[in-house]
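Each remark here refers to the structure printed beneath this line.
What follows is calculated from the coordinates using simple rules that are stated; it is not laboratory data. Everything numeric here is computed off the predicted structure, so don't read it as measured data. Neighbour counts are summed over all protein chains in view; Cβ atoms, including those assigned to glycine, are modelled from backbone coordinates with ideal geometry.
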Ligand code: MF3
Ligand code: CO
Ligand code: CO
């Protein structure tokens, strides 16, 4: 049985509840595997969104984004200088060299599996693929500090340290978040922080880590649609996201790719 701490962070049962997260995380990860071959020049983000919706529904899952605080689509698809919450549409066709993040959340038996990856449309510029490589490494370094007794700030510390080494900046206007039986819960998981700050991790916590890393300045602005964040300086931005749980001595990732397609380039077929 799950209990809520005084600071609002929920401690889940690391057996029964993690089993629920495994199922939801698997559907979300499978959806990101499934969509990879469709990321090609000429396809619209709206078409990719439809495909992801159909995939999740066929697996018995509910796409969590649709209707969430009025959000109009099933996924977020964020191209090039879009930081996050790009809204799929039937206008924008992908072109060779685009890099994009596809973010899906699948609800299975009330559990939310939230994950995103970068994709290359055709052949990316070296600058773009290097950003994606470093951003993936930021996510995995952040995950690797997770264990009982660690502080949430330790995650942001290692992420920012690594990103800054390449001259990149870390977006601080969005955070990772508690997840589980709800989409967005306490705590806020900062992607730039000081070591030893923030709440202490305990076995049974479930949350996301989802660093957004920019080539240029960290500043973002929200477009007129009220959702989409873009870099103020129009520099490229990348993001990867996993949902994970704190175990007795470390962590369990719920959204790993069943096909080993955790970062691009993806070998199709
Ligand atoms: N999946 C996003 C996250 O990582 C949230 C998207 S909310 C939406 O937290 F409404 F924009 F879909
Ligand atoms: Co998330
Ligand atoms: Co997400």
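Some points to look at:
- Extension gain for residue 19 to residue 194 (0.36 nm times residue separation, less C-alpha to C-alpha distance): 59.8 nm.
- Taking the stretch 150-173 and a reference point 7 angstrom along Cα→Cβ of residue 249, the backbone N atoms nearer than 16 Å belong to 150.
- Sorting the segments 89-102, 216-229, 135-148 by their residues' average number of neighbouring beta-carbon atoms within 10 angstrom, most packed first, yields 135-148, 89-102, 216-229.
- The stretch between residue 144 and residue 68 holds 24.3 nm of extra length on full extension. This uses 0.36 nm per residue minus the Cα-Cα distance.
- A Förster radius of 45 Å combined with the Cβ-Cβ distance from residue 182 to residue 93 puts the calculated FRET efficiency at roughly 0.80.
- The value given for the stretch 1-91 is a Kirkwood hydrodynamic radius of 15.1 Å, derived from the mean inverse Cα-Cα separation.
- For the stretch 175-269, the calculated P(r), taken from all Cα-Cα distances in 10 Å bins from zero up to the bin holding the longest distance, is 13, 35, 35, 17, 1 percent.
- Linear extension gain, residue 123 paired with residue 268, 0.36 nm per residue minus alpha-carbon span: 50.8 nm
- Three-way shape label, the stretch 94-160, alpha-carbon gyration tensor, a/c 1.5: oblate
- Estimated Rh, the stretch 47-116: Kirkwood, alpha-carbon pairs, angstrom: 12.6 Å
- When the convex hull of its Cα atoms is viewed from all sides, the chain shows a mean projected area of 13.1 nm².
- Cα centroid separation, the stretch 155-183 to the stretch 43-80 (Å): 24 Å
- Helical content of the chain, expressed as a calculated mean residue ellipticity at 222 nm, amounts to -8500 deg cm²/dmol (DSSP H runs of 4 or more residues, -39,500 (n - 2.57) each, divided by residue number, nearest 500).
- Label positions at residue 130 and residue 43, each projected 7 Å from the Cα along the C-beta direction, are separated by 2.8 nm.
- The order of 256, 169, going from fewest to most other C-beta atoms within 10 Å of their C-beta, is 256, 169.
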